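Novice: Just passing along the structure, written as structure tokens.
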Amino acid sequence: MSTEGGMRAVMAALLANMGIAVSKFIAFAFTGSSSLLTEAIHSVADSGNQILLLIGNKRSKRSADATHNFGYGRRRFIYGFIVAVVLFLVGGLFSLYEGLHKIQHPEEVRDAWIAFLVLGIAIVMESFSFRTALHEARKAKGPRSLGRFLKDARQPELPVILLEDAGALVGLVFAMCGVSLAVMTGNGVWDGIGAMCVGGLLVIIAVFLAMEMAAMLVGEAALPEEVEAIRAALESSDGVLRVIHLRTLHVGPDELLVAAKISVAHSDTGLQIAADIDSAEAALRAAVPTARYVFLEPDIDRGAESLSDTEVGAGS
């Protein structure tokens, strides 16, 4: 999964959302539409989220030090979690509040053509942003379905941008429907209902993202295919009879910790074991380049494992 691709998607989304937010606020000033106001706030929240993702990516690149021996890679997960909270509080809850207020105190939508024009432009711009994110996701997901990719991704940026852009497009459709019904019926309640639909959608997306980011923060194992590649690389190395047990952990989106107990022959000398470990580590790193921290413990195979040889599930 490409971090570079994720950053391209973030930049495309940021540029689109900044332009969309300005146009929506201008349209709201003319029309007084709650759907447009909630969509404007939504775009502001999305822009702030993309800035947070860029900051998190930059700060995660600090080198490991005495305080953080495994580096700062998990900062990207932290900023991804903050994005989910911002989307929930700023986007979702505000939209629900504004929609409820407009239902209780409906107002006529003025200059509706401006609302339709801006919403149409916003749909076109969001479509380009979503297309960029989808293109990068297709390159990164491999044989997985898009839904499986969102669950399995260890880089937070692409799932966040994909869901934000998808939510933005659906939200714009809700807003368009709300404004249309308000104009056709002359009843501003429909505008409020459109705003509440936008808010409900944002809350659902935010909760899903928060759960995924929390799983990343707790620490997830390597993907199943990476685990198998690691096992195969170790067991194909000279001097390694088999892998007794294997544990993996993402210490950052692109940084994997691998700890394995490997079986060696009874007759091997200390010098032979050291050489075999070096060879096995080199083969492992070649097979899985993200394996940055590797710890291999040699042992004699006694025919019974102290720990289960079944890998920890990689799913969230």
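No value in this document is a laboratory result; all are computed from the given coordinates. Quick caveat: nothing in here was measured; it's all calculated off a predicted structure. Cβ atoms come from the backbone with ideal geometry, glycine included; neighbour counts cover every protein chain shown.
Novice: At 222 nm, what value in deg cm²/dmol follows for the chain if DSSP H runs of at least 4 each add -39500 (n - 2.57) and the sum is divided by all its residues, to the nearest 500?
Specialist: -22500 deg cm²/dmol
Novice: State to the nearest 20 debye the size of the charge dipole of region 64-158 about its Cα centre, where the only charges are +1 on K and R beta carbons and -1 on D and E beta carbons.
Specialist: The dipole of region 64-158 has a size of about 740 debye.
Novice: Further question: Quick one, which of (1) 1.10; (2) 0.97; (3) 1.15 is the actual Rg/Rh (Cα atoms, Kirkwood Rh) calculated for this model?
Specialist: (3)
Novice: To continue, here is another question. Could you give the length gained by full extension between Glu235 and Glu107, i.e. 0.36 nm per residue of separation minus their alpha carbon distance, to one decimal place?
Specialist: Going from the current span to full extension adds 39.0 nm.
Novice: How far apart, in nm, are the 7 Å Cα→Cβ label points at Phe295 and Ala265?
Specialist: Here the answer is 2.9 nm between the modelled labels.
Novice: Continuing with the same structure: State, as an integer percentage, the relative contact order of the chain based on alpha-carbon contacts under 8 Å between residues 6 or more apart.
Specialist: Value for the chain: 21 percent.
Novice: Determine ³J(HN,Hα), in whole Hz, for all residues of region 281-290 in sequence, where each value follows from phi through the Karplus function 6.51 cos²θ - 1.76 cosθ + 1.60 and θ = phi - 60°; x replaces Gly and Pro.
Specialist: Those phi angles translate into 5, 5, 5, 4, 5, 5, 6, 10, x, 6 Hz.
Novice: Using 0.36 nm per residue, how much length does the chain from Val207 to Leu117 gain when fully extended, once their Cα-Cα distance is taken away?
Specialist: Stretched out fully, the Val207 to Leu117 stretch lengthens by 29.3 nm.
Novice: Moving on to the next point. Want the number for Asn69 to Arg247: 0.36 nm per residue separation, take away the alpha-carbon distance, what's left?
Specialist: 62.2 nm
Novice: Oh, and also: Which order do Val83, Val22 fall in if you start with the one that has the fewest other Cβ atoms within 10 Å?
Specialist: Lowest to highest Cβ neighbour count: Val22, Val83.
Novice: So how strong a dipole does the chain carry about its Cα centre when Lys and Arg Cβ are +1 and Asp and Glu Cβ are -1, to the nearest 20 debye?
Specialist: About 660 debye.
Novice: Compare the peptides 177-187, 106-116 by average per-residue count of other Cβ atoms within 10 angstrom and give them in order, highest first.
Specialist: Descending packing order for the listed peptides: 177-187, 106-116.
Novice: Can you give the relative contact order of region 1-137 as a percent, counting alpha carbon pairs under 8 Å and 6+ residues apart?
Specialist: Dividing the mean separation by the residue count of region 1-137 yields 37 percent.
Novice: Farthest toward the dipole's positive end in the chain, which of Val44, Phe77, Met184, given Cβ charges of +1 (Lys, Arg) and -1 (Asp, Glu) about the Cα centre?
Specialist: Toward the positive end, the furthest listed residue is Met184.
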